[in-house]
Amino acid sequence: MTATLSQNTQTQTTEPQATQPLSVAEAIETRRSIRKFVQEPMSQGDLREILRLAGLAPTANNVQTTRFAVIQDRALLAQLQAVSYNQSQITSAPAVIVVYSDMEDALNTIEQTLPATMSDDDRQKRAAGLRGQFQNQDVAQRGQWGLTQANIAFGFLMLAARGLGYDTVPMLGFQPDKVRELLGLPEHVQFAGLLPIGKRAEDGFPHHRHAVERVATFY
């Protein structure tokens, strides 16, 4: 999984102080969808650590289709808001992470996901075998398979952010074609969603979820 970080319009001279990491259970229980954020730059060290943790999400056959476009430039965030039905959380947040899947790039560079300890012959065979699994599928079909991997990483990303004391709001309300154009992404990429991220400036709404008995059937 790879990430592209856009350049800030202003150079940061200080890094905000890190907070004590939360446990997995604490991160899940305290996560809220936050739409108003504290107006301060995000720690670049924390941002990279969150992306690193999200990159550890499981991915079938280690194909690693997920990509992250990290937007911090204020002018670009304003343009992103315009193609996301003008939702204000995009420009309220210090950063927005666009999570997408690029299955074609993943297949073209599949050798990069293979262990360096493999022999050249084994690497070639393994790469050919992985590509062969998808050779009878068209780009859209392969893209859907890759998107399932990015969806898993999207969940990891939210929990990694909360675990380090940050807040997010998952967004599916945007115009995919215009986001592709804005970021210069290939037509075949598929989006898991947008994720504004920062420190909360509101409490958000408490969880209101079904009980386990409502959603789970035990066999």
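Taking 0.36 nm per residue of sequence separation and removing the Cα-Cα distance, the residue 23/residue 111 pair yields an extension gain of 28.2 nm. Counting only protein heavy atoms and a 1.4 Å probe, segment 67-193 has 45 square angstrom of accessible area per residue. Over the chain, dividing the summed -39,500 (n - 2.57) contributions of all DSSP H runs of at least 4 residues by the number of residues returns a 222 nm mean residue ellipticity of -11500 deg cm²/dmol.
Less than 5 angstrom separates the built amide H of residue 37 from those of 201, all sequence-distant by 5 or more or on a different chain. A simple spin-label model places pseudo-atoms 7 Å from Cα toward Cβ; at residue 119 and residue 85 they are separated by 5.7 nm. Along each principal axis, taking the top coordinate minus the bottom one, the Cα set of segment 149-199 gives 34, 23, 17 Å in descending order. Apply the a/c threshold of 1.5 to the C-alpha gyration tensor of the chain and tell me whether it is rounded, prolate or oblate. It is prolate, given that a/c is not under 1.5 and a/b is the larger ratio. Applied to segment 189-205, the Karplus parametrisation 6.51 cos²θ - 1.76 cosθ + 1.60 on θ = phi - 60° returns per-residue 3J(HN,Hα) values of 5, 10, 9, 7, x, 9, 9, x, 9, x, 8, 5, 10, 8, 7, x, 8 Hz, with x for Gly and Pro.
Label sites at residue 61 and residue 216, each approximated as a point 7 angstrom past Cα along Cα to Cβ, lie 3.3 nm apart. Applied to segment 155-163, the Karplus parametrisation 6.51 cos²θ - 1.76 cosθ + 1.60 on θ = phi - 60° returns per-residue 3J(HN,Hα) values of x, 4, 4, 5, 6, 4, 4, 5, x Hz, with x for Gly and Pro.
The values are calculated or read from the model by the stated rules, or taken from the named source; none is laboratory data. Note that this is a predicted model, so its numbers are computed, not measured. Note that each Cβ is placed from the backbone with ideal geometry, even for glycine, and that neighbours are counted across all protein chains shown. Accessible surface areas use protein heavy atoms only, side chains included; no ligands, DNA or RNA. Shrake-Rupley method; radii C 1.70, N 1.55, O 1.52, S 1.80 Å.
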